[in-house]
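J.: What follows is a single structure, and I will ask about it in a moment.
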Amino acid sequence: MYEAVISGIGHTPFRAHEDSLEELLTAAVREALNDSEIPASEIDEVFLGHFGAGMDPQGFISSLVLNADPAFHLKPVHRLENACASGSAAVHAGVRAVISGQSRCVLVAGVEKMSACNQVGQALATASYQSEEARYESFAALFGEITEQYFERFGNHERAMAQIAAKNHRNGLDNPLAQLRKDLSVDFCGQVSEKNPRVAGTLKRTDCSPVSDGAAALIISRPEWVHSPSRAVRFRAIAQVNDYLPLSKRDLSELRGCREAWNLAFRRAELSGVTNLDFVETHDCFTIAELMQYEAMGLTEPGQGFRALDEGWVMADGRLPVNRSGGLKAKGHPIGATGVSMHAMAALQLQGRANAMQLNNASIGGVFNMGGSGVANYVSILSL
């Protein structure tokens, strides 16, 4: 087997863009090529994450990559979709192509133009089990149900969710690519108000990631293709598992698929657990998701995720900073681009290029990206 490393990064700002999906994708791809100093002619394959679900009139997008550089003409492009984990599906497919020897150097990109859709909630709801869950008018409503189940078992933890929102907003201030660069207090995030109304169940606006447009891209290659070896970020392990789609077949007070994916990744990386990591970028589509992921990754016991916040473990200066980029909550969540973006943010940390977000002595980090209500679960462990 060969080794796979990140050798180039491209990333547009996440926000509501006037630029088209094609323009966003082109910008991110060209930036990644320039960053890697590898010409498009040397790219063997392209892997593209895109959820779509009718959010953009252009549903068939794979060959739009060719518009970024004429040298992509007649190269294979694979479009991957696994709900909100579509970007990581593309990343992992690209990694497998390199480590298997099938390709020497690949482009991985993710893109979404959510503001082009007038019915984003309905589009996202297609990622739930329609036979049983069509009654949920939005994905927020579905996660509102998950929140209620968690509270029923472990008690009300709205304050912990407010702490997560405030933490990620504070982190987002340091990320020039983030969509919501607002410093919100724990008190504001924890209280229902005109500016922070209930959205679904106990979920407030500050508990929910925003509607976003954006694109991100990576060049993934064998190590010998890296022009600056000191900047090579290695995939130490990848793991992916799928849980049942119907909520009725799962215990909603835990994210079992997340736990299994982390455990598998730790075994493959030959690590004892989450304490071996210097930081994590995790999938905070809703604040309850990040809280439950603390427990699934093994940071705390079930029902004790609040301790990671009360004791400061996951803060920027804590023992395991989580979502230093601002996470989906503040950075934004353009579905197909999200997983690629998370890997890009982690790679910048390891390269020492995260600027105001930079952590001290970061040498190994984890990424968790999930699709649907904890259904498609992807973990990557990255290191220098």
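The values are calculated or read from the model by the stated rules, or taken from the named source; none is laboratory data. What you see is a predicted model, and the numbers here were worked out from it, not measured in a lab. All Cβ positions, even for glycine, are placed from backbone atoms using ideal geometry, and neighbour counts span all protein chains on display. Note: accessible area is taken over every heavy atom of the protein model, side chains too, but ligands, DNA and RNA are not part of it. Shrake-Rupley method; radii C 1.70, N 1.55, O 1.52, S 1.80 Å.
J.: Could you work out the local net charge near Arg159, counting Lys and Arg as +1, Asp and Glu as -1, over the other residues with Cβ closer than 11 Å to its Cβ?
T.: Charge balance in the 11 Å sphere: -3.
J.: Can you list the GluC sites (Glu not before Pro) in region 1-110 that are in a DSSP coil and have 10 or fewer other beta carbons within 10 angstrom?
T.: Loop-located and lightly packed - Glu18.
J.: Using only the Cα atoms of region 52-185, what do you get for the radius of gyration and for Dmax, in Å?
T.: 19.3, 57
J.: Hey, what's the chain come to in accessible area per residue, 1.4 Å probe, Å²?
T.: 38
J.: Let me ask something else about it. To the nearest 20 Debye, how big is the dipole of the chain about its Cα centre, given +1 on the beta carbon of each Lys and Arg and -1 on that of each Asp and Glu?
T.: Roughly 400 debye, rounded to the nearest 20.
J.: Measure nothing but the geometry: give the 0 to 90° angle between the long axis through the Cα atoms of 256-269 and the longest principal axis through the Cα atoms of the chain, rounded to 10°.
T.: With both axes taken from Cα atoms, the answer is about 40 degrees.
J.: Also: List the GluC sites (Glu not before Pro) in region 263-364 that DSSP assigns to loop (not H, G, I, E or B) and whose Cβ has at most 15 other Cβ atoms within 10 Å. Which are they?
T.: Passing both the DSSP loop test and the Cβ count: Glu270, Glu311.
J.: While we're here: Between the helical axis of 139-154 and the dominant principal axis of the chain, each derived from Cα atoms, what acute angle in degrees is found, rounded to the nearest 10?
T.: Helix 139-154 and the main axis of the chain meet at about 50 degrees.
J.: Remind me, what semi-axes does the chain give for its equivalent ellipsoid, largest first in whole Å, using sqrt of 5 times each Cα gyration tensor eigenvalue? Mind showing how you got there, number by number?
T.: Details: eigenvalues 187, 106, 74 Å².
Square roots of five times the eigenvalues give 31, 23, 19 Å.
J.: Treating the beta-carbon of each Lys and Arg as +1 and of each Asp and Glu as -1, no other charges, what is the dipole magnitude of region 1-121 about its Cα centre, to the nearest 20 debye?
T.: Values: 7 positive and 15 negative charges, 60 e Å.
My answer is approximately 280 debye.
J.: Using the alpha-carbon atoms, what tilt in degrees (0 to 90, nearest 10) does helix 21-36 show relative to the longest principal axis of the chain?
T.: Rounded to the nearest ten degrees, it is 60.
J.: Take the solvent-accessible surface of the protein heavy atoms, probe 1.4 Å, and return the percent of it on the chain that carbon and sulfur atoms account for. Write out the running numbers ahead of the final one.
T.: Working: 6630 of 14550 Å².
Exposed carbon and sulfur together represent 46 percent of the surface.
J.: How long are the three semi-axes of the equivalent ellipsoid for region 1-66, computed from the Cα gyration tensor as the root of 5 times each eigenvalue, in whole Å, largest first?
T.: Those come to 24, 15, 11 Å.
J.: Mind telling me which of Arg135, Arg231, Arg159 comes out most flexible in a GNM of the chain, alpha-carbon contacts under 10 Å?
T.: Of Arg135, Arg231, Arg159, the Gaussian network model singles out Arg135 as fluctuating most.
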